[in-house]
Amino acid sequence: MIGSATPAEAAAAEVSAPRARGPWTGRAAMLATYAVAAIVLFGAAPAMLTDFRLRMLAQFLCVAMVAVGIGLAWGSGGMLTLGQGLFFGLGAYIMAMHLQLSSAGPSGRPAFMVTGSDLPWWWELFRSPATALLGIVAVPGLLALLLGLSVFRRRVKGAYFAILSQASAAAFALLLISQQNTIGGSNGLSSFRQFFGFALNDPVNRRMLYFIAAGVLIAMVAVVHQLRRSRYGELLTAVRDGEERARFLGYDTAMVKVVAYVVAAVFAAIGGALFVPIVGIISPQNVGVVPSIGFLVGVAVGGRATLFGPVLGSLAVSYAGSTLSEQIESGWVYVQGFLFILVVAFLPGGLGSIAAVVRSRRRRPAADELPRGVPEPDAPDPEPTPADVRSGGA
Amino acid sequence: MTALRRPVTVTFALAALLAASACGAKVDENGDSTADVESCIDTSGDSVKIGLLNSMSGTMSISEQTVRRSLELAAAEINADGGVLGKRLELVTEDGASEPTVFAEKATKLLQSDCVAAVFGGWTSSSRKAMLPVFEDNDGLLFYPVQYEGLEASENIFYTGATTNQQIIPALDYLRTELGAQSLYLVGSDYVFPRTANAIITAYAEEYDIEIVGEDYEPLGSVEGIPTIVNRVQSSGADAVFNTLNGDSNVSFFSQYSNVGLTAETMPVLSVSIAEEEVPGIGVERLVGQYTAWNYYQTVQSPENEAFVAAFQEAYGSDAVTSDPMEAAYTSLYLWRNMVEAAGSFEVDDVQEAAGGISFAAPEGPVTVNGDNHHIAKTALIGRVNPEGLIDTVWSSAGPIEPDPCLEGYAWAASLERDETYC
């Protein structure tokens, strides 16, 4: 699924690099998209949504942060990161430990520790706000660096890498469940009263959290944008499409992949860290295999190789999941699975590539007759406006 | 490039400005904040909304669906009986999806968007822990129907299942006085309920000179360690086993238990998480004669229970069984009705104030709400699994036991750690 370039994928890859032609149209459209995103997130949404819906949106934005990272690692770098729950969880648990310590009563003990036993030493590391914030970035970043180096240096890739990353998330969840006395076990950590001194039950502060999440998400998209258009971004895509050739040309392809993997991990960790004060609980159920796949679904649906596809796809899937489950209880699980299969089977570039696919069908009705897996000899020219921008209103 | 960077910079400046201007109350020295919430319960029409929040998907759905059914049954009965304060109950149902974060999300939605008068549901301790801050911050009411590890007493939660002194301690009394157990082996799933229960059991054992010959935990949902545990149980020669395993682990435990030749006669097992619902899944033949500790069994002899079981089987089929959490959920809705009618109001503050002393002739027997800790006084029942897969009562406490979630009335429990927020 990852290596085969279907006509749809080829078209999607083509539109993801709009710089080649009509640079000004592309740039203007890009600017317009940022402006629309800022207006929607900072103006329209807080003005129109109730406190509850805004809280939900803030939660979705945190999940979308993970999606932005996956978009870079999987979409641009071809690494199917099926275990982002690991990094999401690390960021979340570090934030949760800090919030729990700062919310604890006079005894200074976290609320879950009712059965005796002393506070493990590593809790103390995150008591100060500075070390907690540093830890949220540094711990998952370093772990991703070590994992990435050991995996990519050994040239583990494709399905093997995917299984490995998924196993790491599963192992992490099991580890957390077994640590009842040190990290809350299957109950996880909850009952946070304050966020760096701000009361969490105050609606005004909850809005502040939303604005922070929105700002961070836009920053992440901007970072990925810059990475994609830099020389590094081209190299990453080159490694995705022909790792052997890139290595043959003298590039350290493992390092190229490690960088994207670390960025994705740090984004997931920051998403996790903001998720905690917004939702009010983190438990092993949020970091295991199922949520890790959940992070991926939005990226696949939105279009992994596009800049805005992962964000929009993730937001759309989260929103649909939340509202649909209010209408039909327990029905959403089936819809989500079906949607994922549908997109992977018929629209590998995601919904972000739908325009390009439709166009290529119209121009070359014979495209269907081409054998699958063989790139079209002359891929159709996409319109100058990138498809990912057009999906901005979704 | 500069053209691109500028709007991005502007966006960040805007974000920083908004975030800074959006700062609200700081936490004062006591850890309390000054934020207020206003209830939005709508009582203007001829109906009033209540929320049912149970897992209809995920691993807990098999248990929580039965709770949902008994809540729906109670609501239908109350509506047929003229509603609450003359208003029909309108059910807003949500799926907790066996995930604590979803419970927190849906609880917020029920309180803020649907403005329900009360919410009924939750099963796992993690789901309750996730919902607790939501109900406290939004000043809502949650009725939680499952026995749990105690050491908690939120003003915004009514606990209609047993706390430890209504289940664990009577079970220990039974093992000590009726079965004459001098040594116990503790087997449990690795999460907060078994850990807390076993801490209580250990303190009790010290007081009464009972030897704890072993204590083993199996991760939730896992079965790999069970054969080893059963071998250790067998070689320990304990007088009885206190079992706090939950879910699938029980299937493996009891199948191994009978495979190595242990029976209820050679080494009885007292379980606190196996009810009528679970018996067929584990296998009746493996459980016959083993003990359970609850506050309700389908076989309870009373007119109230006969009516409850008959109504439940009429609605959901003649082979449907009723169990303790289902009965506690059914009872919780009636208790809320009685509280509202006593208060003459749906407002949370009024209901909380009227709650103390409210009683109901429940299928399990008479129950009364304790106004201080929001738990209910209920009778402890020790049961034995019979060949039909139902559970017969073999011992019951002298009457309803007053709830003591913090175990303040037991001198031997003084050494246990407590959460100072509630205890």
Mean-position separation - Cα centroids, region B:37-73 and region B:154-196, in angstrom: 28 Å
Per-residue [θ]222 nm for the protein assembly as shown (sum of -39500 (n - 2.57) over DSSP H runs n ≥ 4, rounded to 500): -16500 deg cm²/dmol
Calculated FRET efficiency for the pair residue A:121/residue B:414, C-beta based, R₀ 30 Å, to 0.05: 0.60
At 0.890 mPa s and 25 °C, Stokes diffusion of region B:207-351 via Kirkwood alpha-carbon radius, µm² per second: 137 µm²/s
Qualifying GluC sites (Glu not before Pro) in region B:214-269, DSSP loop, other Cβ atoms within 10 Å at most 10: B:224, B:265
Inter-site label distance for residue B:113 and residue A:342 at 7 Å from Cα along Cβ, in nm: 2.2 nm
Total charge dipole magnitude, chain B, about the Cα centre, Cβ charges on Lys, Arg, Asp, Glu only, Debye to nearest 20: 1080 debye
Nonlocal amide H pairs with residue B:375, under 5 Å, H built at 1.01 Å: B:159, B:370
Sites residue A:244 and residue A:334, calculated FRET efficiency, Cβ-Cβ separation with R0 45 Å, nearest 0.05: 0.65
Contact order relative to length of region B:48-159, as percent, for alpha carbon pairs under 8 angstrom and 6 or more apart: 29 percent
Table column - 3J(HN,Hα) (Hz), region A:247-255, Karplus curve with 6.51, -1.76, 1.60, x for Gly and Pro: 5, 4, 7, x, 7, 7, 5, 4, 4
Contact order relative to length of chain B, as percent, for alpha carbon pairs under 8 angstrom and 6 or more apart: 17 percent
Distance between modelled label sites at residue B:65 and residue B:310, nm, 7 Å Cα→Cβ extension: 2.8 nm
Antiparallel content of DSSP bridges confined to the protein assembly as shown, in %, to 5: 40 percent
Positive-end residue of A:212, A:189, A:224, charge dipole of region A:90-231 with Cβ unit charges: A:224
Beta bridges per DSSP with both ends in chain B, % antiparallel, nearest 5: 35 percent
Residue-by-residue Karplus 3J(HN,Hα) for region B:306-315, coefficients 6.51, -1.76, 1.60, Hz, glycine and proline x: 4, 5, 4, 5, 5, 5, 5, 6, 5, 7
Amide H partners (placed H, <5 Å) of residue B:189, local residues excluded: B:218, B:244, B:245, B:246
Under-5 Å amide H pairs with residue B:41, H placed in peptide plane, nonlocal only: none
Förster radius 56 Å - calculated FRET efficiency between residue B:396 and residue A:154 (Cβ-Cβ, nearest 0.05): 0.30
HN-Hα J in Hz across region B:365-377 - Karplus 6.51, -1.76, 1.60, θ = phi - 60°, x for Gly and Pro: x, x, 10, 9, 7, 8, x, 7, 10, 6, 9, 10, 6
Which of A:347, B:184 has the fewest Cβ neighbours within 10 Å, and the rest in rising order: A:347, B:184
Label-point gap, in nm, between residue A:174 and residue B:318 - each point 7 angstrom along Cα→Cβ: 4.7 nm
Two-decimal Rg to Rh for the protein assembly as shown - Kirkwood Rh, Cα set: 1.00
Modelled label reach - residue B:42, point 7 Å along Cα→Cβ, region B:328-347 residues with backbone N closer than 18 Å: B:346-347
Base-10 log of normalised Debye intensity for chain B (one unit scatterer per alpha-carbon) at q = 0.07, 0.10, 0.13, 0.14 Å⁻¹: -0.37, -0.70, -1.12, -1.27
Size of electric dipole in the protein assembly as shown: Cβ of Lys, Arg +1 and of Asp, Glu -1, about Cα centre, debye, nearest 20: 5680 debye
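Throughout, read-outs are computed from the coordinates displayed, never taken from laboratory work. This is a predicted model, so every value here is computed, not measured. No Cβ is skipped: glycine too gets one built from the backbone with ideal geometry, and neighbour counts run over all protein chains shown.
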